[in-house]
Amino acid sequence: MRPKSERCVFTRYIEKTGGLNDAPDDVKFFGYTYEVGTKGLYISQATNIHFDNGYIEQISTPLIAQNSTGVTFNGNHIANSGTVTGVAYFPLQTTGSFRDNVIIADPSHTVAALAVCTNNSNMIDFVGNASSVTTTSGCATAQVGPTTSTLSVTGGQTVFVNGSATAITTISAPAIAPGKTLTLYAAGTITLAAGGNINFGGLTAPLTIAGGQSVTLTLFDLGPTWLITSTTAVTASVPSLNTTFLDDFYTGANMASVPIGSPTASSCSPSNTFTDNNHPGNMLITAGTAGTGTGIVCGLLSENPSVTSANTAQGWTWETAVYVPVLPGTTAAAYQAGLAHTPNANPWTTGIGFYLSSANGVANDWYCRYNSTSTDSGVAATVAWTRLTMVNDGTNVHWYIGGTQVCGTGVAIASMPSTTQYPAVWSATALSATSVAMAYDYINWQRAVSR
């Protein structure tokens, strides 16, 4: 018996009267099939065309759609196809969904891509597809160069934003539905500012997004329009879990001083001697003269020591930046920065911090210090602003210089001082009759708490 022959039926919808620019509208195909060929389904200048729950096999490019809206290609079984360009190709502006499809291929067929879009105003919803190849190109990310305060996004939920000096106050992205997100990647520095339809969700406006950073906003249809829900530009503390204190020293309002010995002409005061764009406000400590081993301590000394149980698992982070204009190897001197219980001595023996001194084995190296123990960091001081950080992670205390960990991998918190500590103190001590100085800028203190 000879098998029954198969017949292929091709359906084409065209304009009945030429020149009217009519196009197919609201056509639905369910449970269809097409197999073996170079190009499969081609949709152009159409609205609400639905090809769902079909079976496609051995088609080089199964779907091509352009200049169309409301296209759905969902729930299809696609086998050994998409070897040229991709499973779907959107050469011109199209909106629709390509989702819940199953794409399989045997070893003799290589899927080129899940989808390729050559116009970045496409808005295609890719969700739930099962495929070994998930790569898309030009389908989800638009590139814009803002020239006004309104950022216009014609397609995509991720946007590559060129740097601009014009602050963005308003976002127009008509393709984004309420409840969906829009992620802006800053190719260069951009700024989001108040006054339009952006809600900063408690962040300070304006918000600067430096090149290489991103911000994600969620579209609301009740209340705020665009709400910033995450950003890499800000690392925020959780108020219920941390207490944070930041002081950038434009004035000396919080600062008090204590002498070391009996110096002459010592001082602790705001200064612009070493200011720059990164350190616009700082304090300057001048040790004064009157003999060897005299100087001055400056810091948060007006109240009783307020940081308790420094040797327990209540974690904290401490950071400052300092500037030493003359290194101790040149002029005999000692400098300290950190926390201390009794700071009016050189060196402190009741604290945790950093120690730079001509009395050290390596005169110009920073040392990590706790109680009476000093460890060479191996980092030489320079005449430049230096960031000094200490972290108690609940188990160990770690020291960092310029963001790099020094002095090993940490010291157990049980070795730390058991006394209460002043949370921020700095000192300069003259180890000869020559006055020496050190500038410091900001104290950033964060402590884990339970409420």
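Could you grab the relative contact order for region 339-451? Cα pairs under 8 Å, six or more apart, rounded to a whole percent. Walk me through the intermediate numbers first.
Working: 171 pairs, mean separation 23.2, N = 113.
21 percent.
Applied to region 98-107, the Karplus parametrisation 6.51 cos²θ - 1.76 cosθ + 1.60 on θ = phi - 60° returns per-residue 3J(HN,Hα) values of 10, 9, 6, 8, 10, 10, 10, 8, 7, x Hz, with x for Gly and Pro. Karplus-derived 3J(HN,Hα) values for region 262-274, using 6.51 cos²θ - 1.76 cosθ + 1.60 with θ = phi - 60°, are 10, x, 10, 6, 7, 7, 9, 7, x, 8, 10, 4, 10 Hz; glycine and proline are entered as x. Antiparallel beta bridges, as assigned by DSSP with both residues in region 290-369, represent about 100 percent of the total such bridges. What fraction of the DSSP beta bridges in the chain is antiparallel, stated in percent and rounded to the nearest 5? Roughly 65 percent of the DSSP beta bridges within the chain come out antiparallel. Each peptide in 419-431, 73-85 receives the mean, over its residues, of other Cβ atoms within 10 Å, and ordering these scores from highest gives 419-431, 73-85. Between amide H atoms placed 1.01 Å from N, distances below 5 Å from residue 290 occur with 264, all of them 5 or more places distant or on a separate chain. A simple packing score, the average count of other Cβ atoms within 10 Å per residue, orders the peptides 49-57, 86-94 as 86-94, 49-57, with the highest score first. Phi angles of region 200-211 translate, via the Karplus equation with coefficients 6.51, -1.76, 1.60 and θ = phi - 60°, into HN-Hα couplings of 8, x, x, 6, 7, 9, x, 10, 8, 10, 6, x Hz per residue; Gly and Pro are given as x.
Ranked by the mean number of other Cβ atoms within 10 Å per residue, highest first, peptides 225-232, 28-35 order as 225-232, 28-35.
Length gained on full extension, residue 162 to residue 418, computed as 0.36 nm times the residue gap minus the Cα-Cα distance: 86.9 nm. With the simple spin-label model, which puts each label point 7 Å out from Cα in the Cβ direction, the residue 27 to residue 181 separation comes to 3.8 nm. Across region 52-192, the relative contact order, built from alpha-carbon pairs under 8 Å that are at least six residues apart, equals 17 percent. Once the Cα-Cα distance is subtracted from the 0.36 nm per residue extended length, the residue 264 to residue 220 segment shows a gain of 9.4 nm. Spatially, region 414-439 and region 368-401 are offset by 13 Å when compared through their Cα centroids. DSSP assigns beta bridges within region 134-226; of those with both partners inside it, close to 40 percent run antiparallel. Multiplying the residue separation of residue 434 and residue 150 by 0.36 nm and removing their Cα-Cα distance gives an extension gain of 96.3 nm. Taking a point 7 Å from the Cα of residue 127 along the Cα-to-Cβ direction, the residues of region 150-192 with backbone N closer than 12 Å to it are 177-181.
Take the Cα of residue 244, go 7 Å toward its beta carbon, and the backbone nitrogen atoms of region 420-446 under 17 Å from that spot belong to 442-446. With the cut-off at 1.5 for a/c, could you classify region 245-403 from its C-alpha gyration tensor as rounded, prolate or oblate? Since a/c stays below 1.5, the shape of region 245-403 is classed as rounded. Residues within the reach of a label modelled at residue 383 (point 7 angstrom out along Cα to beta-carbon, backbone nitrogen below 16 Å), restricted to region 335-368, are 364. Close amide H pairs (under 5 Å, H built 1.01 Å from N) link residue 171 with 151, 197, residues at least 5 positions away or on another chain. In the list (1) 68, 24, 18; (2) 44, 24, 18; (3) 35, 26, 23, the label attached to semi-axes √(5λ) of the Cα gyration tensor in Å as derived from the coordinates here is (1). In percent, rounded to a whole number, the relative contact order of the chain is 10, using alpha-carbon pairs under 8 Å and six or more apart.
Read the figures in this text as sums done on the coordinates, not as results from a lab. Bear in mind the structure is a predicted one, so any value in this text is a computation, not a measurement. Neighbour counts run over all protein chains shown; Cβ positions are idealised from the backbone, glycine included.
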